[in-house]
Amino acid sequence: MVDNFSAFTEVPKDEYCGQWVIMLNEKVVAHGSPKAIKDKMKKIREQHPNEIPFLAKVPKKILQIV
Amino acid sequence: MPTFSFGYIKEKGISRPKIPFLVNANGVETETAGLIDSGSDFILIPKDIADTMGIELSGSIEEADGIGGKIHLRIGIVTIIIKKRGKKILRNVKIHIPIDEKIQSDENEKFDEILLGRDPFFKYFLKVEFNENKKRVRLIPNRRTP
């Protein structure tokens, strides 16, 4: 069974630091800013209509105040 | 009722109570992860991310105070599904989406995170338990919540 969330926790943080990533089958298939990711997601949904993409942000190494 | 227990995820040396869930917005499904935030009054999703998830921005507008001052938020409704080892909880929830232009730039990270705040997320659970020593969060669903 595909577990994109577990795979997300293992993505190289330095490579995707501060970016949003889209994952399919436990692999990063796109990444970028929130604005950039919109078009990429549209294409991914068209190309993989039977899969549910995983979308989340890789944070920067800073303490957060939210 | 089943309980849901999640380990904090470690993000560059800092452990946070971030959990996976599925968003269904008008039939468009996206898996994602959100930070459980007892200090936030509501569920917040950044505007560009809400667009990417297919969430319609047609609800009413509310005003709120944040760390950066007053902001305007559009209300949306989505279904969220939390799954863990065969257990599942499904709820229709109200979400808030910041819409001010000044907070939409790619460099602005104040609202660049999905927050699972108290209303309504916490209301669906009898208990939301943070165990900082074990770095785990446990969600115990409320039977009486529809």
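Read-outs: derived from the displayed coordinates by stated rules, not from any lab. Note that this is a predicted model, so its numbers are computed, not measured.
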Measure up A:57/B:123; A:57/B:47; A:60/B:87; A:60/B:10 against 23 Å on the Cα-Cα distance and list the ones that go over.
A:57/B:123; A:60/B:87
Based on DSSP H runs of at least 4 residues, each adding -39500 (n - 2.57), what is the mean residue ellipticity at 222 nm of chain B after dividing by all its residues, to the nearest 500 deg cm²/dmol?
-1000 deg cm²/dmol
Can you bin chain A into rounded, prolate or oblate? Criterion: square roots of the alpha carbon gyration tensor eigenvalues sorted a ≥ b ≥ c, rounded for a/c under 1.5, prolate for a/b above b/c, oblate for the rest.
oblate
Quick one: length gained pulling residue B:72 to residue B:132 fully straight, 0.36 nm per residue minus the C-alpha distance?
18.3 nm
Kindly express, to the nearest 10 degrees and within the range 0 to 90, the angle between helix A:34-47's C-alpha long axis and the longest C-alpha principal axis of chain A.
20
